[in-house]
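Before any comments, here is the structure.
The values are calculated or read from the model by the stated rules, or taken from the named source; none is laboratory data. Note that this is a predicted model, so its numbers are computed, not measured. Here the Cβ positions follow ideal geometry from the backbone for every residue, glycine too, while neighbour counts run over all protein chains shown.
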Amino acid sequence: MFKNISKSNNSFKTFVFSAAFGLMLAGSAMAQNGIGEILNRMDKNYKSLTSLRSNVTMVKTDSTLGESDTFLGTTSFIPESYAGKRYIRIDWSKPTVENIVVIGDNYKLYRPKLNQVIIGQTKGAKNNAAAGGALAFVSMSREQLKANYTVVFIAEEQISGGVGTFHVQLTPKTKTSYKLADLWVDGDGMPRQAKITESNNDTTTVLLTDIRKNQNVDVALFTLSLPKDVKVVKG
C-alpha cells in the first residue's frame, strides 16, 4: 500500500516538474518570438519615418547622491534613414533655456544665459546633450540593433500618460560609455522612452509625448543662431 502511494507521489512530482519545465521552454520561446516581432515593428517604423516632432522630458539621476534633475522642452528630428545622417534639435525651456543641435554624432549645446556653446560628440556627452544619444535609438534599423546589442524582452508596461509599451533591454556588445539601454516601444514600433545607464549607474531617461510623425521639417532648423562673441567650449 505504502509503495503504491510513494510511486503515485513520484509520478505526480515528475508530472509537475515536466509541466513546469515545459512552461519555462514555452515562455522562453515566446520571449524570443516577442523580440523578433518587436524588432520587426521597430524596423518598420524606422523605414517609414521621415521626421518627428514631440515634447520631451529628460530626467538625469545621480546614483551616488540619489538626486534627480528634470528638464522639459521640445524636439525635432530627421532620421538617418531619410536624410543620410541624423538631425536632432532639442529646445529646453525648463528649468533653463538651452538649445541643442545634433548632426550625425556631433552636437552643439548653446546656453544663452552664459553666452556659451559647448561642442562635442554625443557618445561621451555628460551634459544635456545626452538626450541626443538617447534619441539615436529612434534611427536604428533592426540589423543595427541586433549587430550592436544583445536585446532582451523585459515586460509589457505602461509609461507616463498610460501608453502601452514593450520594455526591452539592450546590452552593448562592444565597450561604450554606458552599460545598459532600456527602451519602451509602442505597438507601432516607435521608441517612446529610453533610459541610459552609465558605468557608474547614473541614468538619463528621455520620454517623448505628443508625437507628430512625418511632418515637413526644414534642415535649416538644425542650424543654431549664435552671437559673434559666444564662448566656445569643447565638451
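Annotations
- For the residues 72, 109, 65, the requirement of being free of Cβ contacts under 8 Å to residues at least 40 places away in the same chain, among the aliphatic types (A, V, I, L, M) and within 22 Å of residue 137 (Cα to Cα) singles out 72.
- Qualifying positions in region 160-175 - surrounded by fewer than 17 Cβ atoms within 10 Å (Cβ to Cβ) and either in contact (Cβ under 8 Å) with a residue 40 or more places away in the chain or assigned to a strand (DSSP E or B) (or both): 160, 161, 164, 169, 171, 172
- Residue within region 164-177 that is in contact with a helix residue (DSSP H, G or I) (Cβ under 8 Å, 6 or more places away or on another chain) and among the aliphatic types (A, V, I, L, M) present: yes
- Residues of region 224-233 that are loosely packed, with under 12 Cβ neighbours inside 10 Å and either in contact (Cβ under 8 Å) with a residue 60 or more places away in the chain or not basic (Lys, Arg) (or both): 225, 227, 229, 231, 232.
- Flag if residue 152 is touching a residue at least 40 places away in the same chain (Cβ under 8 Å), more than 20 Å from residue 207 (Cα to Cα) and not in a loop (DSSP other than H, G, I, E, B): yes
- Given (1) closer than 30 Å to residue 112 by Cβ; (2) at pLDDT 95 or above; (3) touching a Leu at 6+ places or on another chain (Cβ under 8 Å), number of the condition residue 206 does not satisfy: (2)
- Residue within region 132-146 that is in a strand (DSSP E or B), out of contact with any Phe, Trp or Tyr (no Cβ under 7 Å at 6 or more places or on another chain) and more than 20 Å from residue 83 (Cα to Cα) present: no
- Number of the condition not met by residue 86 [criteria: (1) touching a residue at least 60 places away in the same chain (Cβ under 8 Å); (2) within 24 Å of residue 149 (Cα to Cα)]: (1)
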